[in-house]
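Take a look at the structure below.
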Amino acid sequence: MTTRAPEIPELESQERELTLHHFTYDDAWALGTLLVELARARSAPVAIDIRRGGQQLFHAALPGSTPDNDAWIDRKRRVVERYGCSSLLVGTRFRAKGTTFEESSRLDPDVYAAHGGAFPIAVEGAGVIGTVVVSGLPQLEDHALVVEALERFKASR
């Protein structure tokens, strides 16, 4: 699967459009199981993580994923928590300035990774309240999988 790299306006638009009305424990389960279904249909060797605040509400590791995927999840999730937007958008903004996140953020790359796959869970009137993260595919595909799942999830509500 070859995925085109979205540009900054498209990434910002995704975040606006995927703001949710609410996000409950049951919503985390529904979104997580949807991500598992989509990943299994593609035989994607991914790990999936959903958090609200500091609490992990959903985690799954599919065949072919490794403990390294969990480390990537943590690094990408921290970028969303720090910047309040998707990890891909953060990395894309740095590249648009002619640099990279690793070169210019002054953050430890062993702790933060501005690679695609982590997306903010934003709720109307509350802002960013959590994260949904996928790791195991190339970064653009991780991001696209999360966006597809959020679009389907939101449409079903």
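The values are calculated or read from the model by the stated rules, or taken from the named source; none is laboratory data. Just so we're clear, the structure is a prediction, and the values are computed from it rather than from any experiment. Ideal geometry is used to build each Cβ from the backbone, glycine not excepted, and the neighbour counts take in all protein chains shown. Ligands, DNA and RNA are excluded from the accessible area calculation, which covers all protein heavy atoms including side chains. Shrake-Rupley method; radii C 1.70, N 1.55, O 1.52, S 1.80 Å.
So here's what we get for this one:
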item	result
Packing rank of 111-118, 20-27, 147-154, where each peptide gets the mean count of other beta carbons within 10 Å, highest leading	111-118, 147-154, 20-27
Debye, to nearest 20: dipole size of the chain, +1 on Lys, Arg Cβ, -1 on Asp, Glu Cβ	120 debye
Two-decimal Rg to Rh for the chain - Kirkwood Rh, Cα set	0.94
Contour minus Cα-Cα distance for Ser104 and Asp26 (0.36 nm per residue)	24.2 nm
Linear extension gain, Asp70 paired with Ile8, 0.36 nm per residue minus alpha-carbon span	19.7 nm
Whole-percent carbon and sulfur share, accessible surface of the chain, 1.4 Å	50 percent
Residues of the chain: accessible area per residue with a 1.4 Å probe, Å²	49 Å²
Residues Lys154 and Arg40, FRET efficiency given R0 of 25 Å [Cβ-Cβ distance, rounded to 0.05]	0.75
The range 24-116, Rg to Rh (Cα coordinates; Rh as Kirkwood inverse mean 1/r)	1.01
DSSP bridge orientation in the chain - percent antiparallel, rounded to nearest 5	95 percent
Diffusion coefficient, µm² s⁻¹, Stokes-Einstein with Kirkwood Rh over alpha-carbon pairs of the range 1-51 at 4 °C and 1.567 mPa s	98 µm²/s
Simple label model, 7 Å out from Cα along Cβ direction - Lys97 to Ile129, nm	3.1 nm
Global form of the range 80-133, assessed from the alpha-carbon gyration tensor, a/c cut-off 1.5	prolate
